[in-house]
Amino acid sequence: MAYNVILFALRNLFRLEILVWIAGVPLLVFAFMWLVYQLRMRKALQEELSILSKVQRHTVEYDLVMKVMKMAVWRIDVQTMTITFESDFRDVVGTFHFSPNTPLEDFFELVLPQYRNQIRKTLQQLTDGRLDEAYEQFQSRLPHSDQVHWQEVYAAIEKRDLDGRVLVIVGTLTMIDKQKMIENALIEARNQAEASDRMKSAILANMSHEIRTPLNAIVGFSDVLSMAQNDEERAELVNLIKQNNARLLHLFDDMANMAKLEAGVEAVKKERFALNQLLIDVADKFADKCSSKGLKLEIETKSDAVQPVSDRNRLFEILNQYVDNALKFTEKGVVTLGYQVHDDLLRIWVRDTGKGIPANHCNDHLFERFVKIDEFVPGSGLGLSICRSMALSIGGKVGVESKVNVGSLFWVEIPIG
């Protein structure tokens, strides 16, 4: 009896264990599969989070670069012909903005007329697929404003349909006002350098002729001086040599003054000085030359002693040129130095009774380089140009008044203080 009970219990226990195994194996398989699934999901989530962080970091870096470059990014929908600015970091973004899907015609209205056709043509080539990318520079104004800015645009095709038709064009827009200012400055500097080079060539050509004439005279008269028959002939030759020496020295003085003005090596030195004494010093310098020509040299002084503040040496050189020209073109009569004060301006003038200058030559052109009214009168054509440059350097200006067969009046006007 007891044996049977024990045997029955063992059989029941064996059945229970079988049942447990039968039920537990699927549970273990399910648990294992669930664990694998969770691990895969965790890995996929980590990858997605990594990609998302990279995208976010890329967006931040992208925006940072756009801000530094002050650039706008836009997109054109070819089917609707509208433009959308996805980001705009230009300097003028605070004054206006484009709404999404703005009609392209509204954008074209801002482009200055002289550039509009070219921009339309380039865009048409992109939409037709004849160009994959394009680059243009143009000027445009701000909406509801007269402000004009230089713009630089890059464009490229982003998307086509299955038939190859262009759907989307993307690009960037940058303001390049500073770049254009630098370009214009470089172009101006190049033009000035070319003009200076041409001027140097003209100076060499002109000076070679002007120097050769008195130099040939000096050499020629010096050679025949020893063959003079008497003292009168010898004195005449010596006088001719002296005249050509003076002419040659005058040419070199003009060249030296011009070179100093061009190089700016001699600074303006302003000081207070007595104007009457300046006129006396100029007259004393030309007293002998006036006497030899039988001319009078007079000074019109005022009762009040004017003491301007300016560069005395430059004014002295200007008046020297004026008086020298007056003596050169005056055969009889008088050469007069004088001045007048009006408000805060001082005008110093030299008047002569020479042959005068035609009215069509009494303008600023007369004060340009190498301008000579009478080609038969010796001179380099630099004197009046030097006068104008010196006057400008001290804040003044020059001018002329003249009548044919009556005389001329050359003046320089400067601030008296």
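Could you list all residues from segment 107-123 that are β-branched (V, I, T) and within 14 Å of W150 (Cβ to Cβ)?
Passing the criteria: V111, I119.
Is there a residue in segment 94-110 that is out of contact with any Lys or Arg (no Cβ under 7 Å at 6 or more places or on another chain), open to solvent by 50 Å² or more (accessible area, probe 1.4 Å), closer than 27 Å to T127 by Cα and at pLDDT below 75?
yes
Residues of segment 132-190 being more than 16 Å from L112 (Cα to Cα) and of a type in the set (D, E), which ones?
Scanning segment 132-190 gives D132, E133, E158, D161, D163, E183, E188.
If the requirement is being among the charged types (D, E, K, R) and at pLDDT 90 or above, which of these qualifies: R120, R141, R90?
Just a single option satisfies the conditions, and that option is R120.
For G356, all conditions in the list (1) modelled with pLDDT under 90; (2) out of contact with any Ser or Thr (no Cβ under 9 Å at 6 or more places or on another chain); (3) not polar (S, T, N, Q) hold save one; what is the number of the exception?
For G356, the exception is condition (2).
Could you say which residue among G399, G407 is touching an Asp or Glu at 6+ places or on another chain (Cβ under 6 Å), open to solvent by less than 20 Å² (accessible area, probe 1.4 Å) and not polar (S, T, N, Q)?
Just one listed residue meets the conditions, G407.
Is segment 129-137 home to any residue that is over 18 Å from T172 (Cβ atoms) and surrounded by 12 or more Cβ atoms within 10 Å (Cβ to Cβ)?
There is at least one residue in segment 129-137 that is over 18 Å from T172 (Cβ atoms) and surrounded by 12 or more Cβ atoms within 10 Å (Cβ to Cβ).
Out of V309, V265, which single residue is modelled with pLDDT under 90 and more than 23 Å from G407 (Cβ to Cβ)?
Criteria check complete, one pass: V265.
Mind listing just one residue for me: the one in segment 211-228 that is part of a helix (DSSP H, G or I) and in contact with a Leu (Cβ under 8 Å, 6 or more places away or on another chain) and, of those, least open to solvent (accessible area, probe 1.4 Å)?
So, considering only residues that are part of a helix (DSSP H, G or I) and in contact with a Leu (Cβ under 8 Å, 6 or more places away or on another chain), the one least open to solvent (accessible area, probe 1.4 Å) is P214.
Do we have any residue at all in segment 176-192 that's surrounded by 13 or more Cβ atoms within 10 Å (Cβ to Cβ) and touching an Asp or Glu at 6+ places or on another chain (Cβ under 6 Å)?
Looking through segment 176-192, at least one residue is surrounded by 13 or more Cβ atoms within 10 Å (Cβ to Cβ) and touching an Asp or Glu at 6+ places or on another chain (Cβ under 6 Å).
Got a number for residues in segment 193-210 being within 26 Å of the chain's Cα centre (by Cα) and open to solvent by 90 Å² or more (accessible area, probe 1.4 Å)?
3
For segment 138-175, what are the residues that are open to solvent by less than 40 Å² (accessible area, probe 1.4 Å), free of Cβ contacts under 8 Å to residues at least 60 places away in the same chain and among the hydroxyl-bearing types (S, T, Y)?
Correct list: S140, S145.
Of the residues that sit in segment 237-279 and are farther than 15 Å from S393 by Cα and charged (D, E, K, R), which one is least open to solvent (accessible area, probe 1.4 Å)?
D254
Where in segment 244-359 are the strands (runs of 3 or more DSSP E), entirely inside, with at least 2 residues that are free of Cβ contacts under 8 Å to residues at least 40 places away in the same chain and over 30 Å from T213 (Cα atoms)?
296-299, 334-342
For segment 302-335, which residues satisfy the criterion of being of a type in the set (S, T, Y) and surrounded by fewer than 16 Cβ atoms within 10 Å (Cβ to Cβ)?
Answer for segment 302-335, where residues must be of a type in the set (S, T, Y) and surrounded by fewer than 16 Cβ atoms within 10 Å (Cβ to Cβ): just S303.
Considering only residues that are surrounded by fewer than 16 Cβ atoms within 10 Å (Cβ to Cβ) and of a type outside the set (A, V, I, L, M, F, W, C), which ones fall in segment 336-370?
Correct list: Q340, H342, D343, D344, P358, N360, H361, N363, D364, H365, E368.
Select from segment 215-272 the residues that are under 28 Å from F367 (Cβ atoms) and β-branched (V, I, T) and write down the one among them that is farthest from the chain's Cα centre (by Cα).
V268
Say whether the condition of being modelled with pLDDT of 90 or more, closer than 20 Å to E152 by Cβ and charged (D, E, K, R) is met by at least one residue in segment 49-68.
no
I'd like the full set of residues that are touching a residue at least 24 places away in the same chain (Cβ under 8 Å) and closer than 21 Å to L167 by Cβ, limited to segment 106-118.
F107
The values are calculated or read from the model by the stated rules, or taken from the named source; none is laboratory data. Keep in mind that what you see is a predicted model, and the values were worked out from it rather than measured. Note that each Cβ is placed from the backbone with ideal geometry, even for glycine, and that neighbours are counted across all protein chains shown. To get the accessible areas, we keep the full protein, side chains included, count just its heavy atoms, and leave off ligands, DNA and RNA. Shrake-Rupley method; radii C 1.70, N 1.55, O 1.52, S 1.80 Å.
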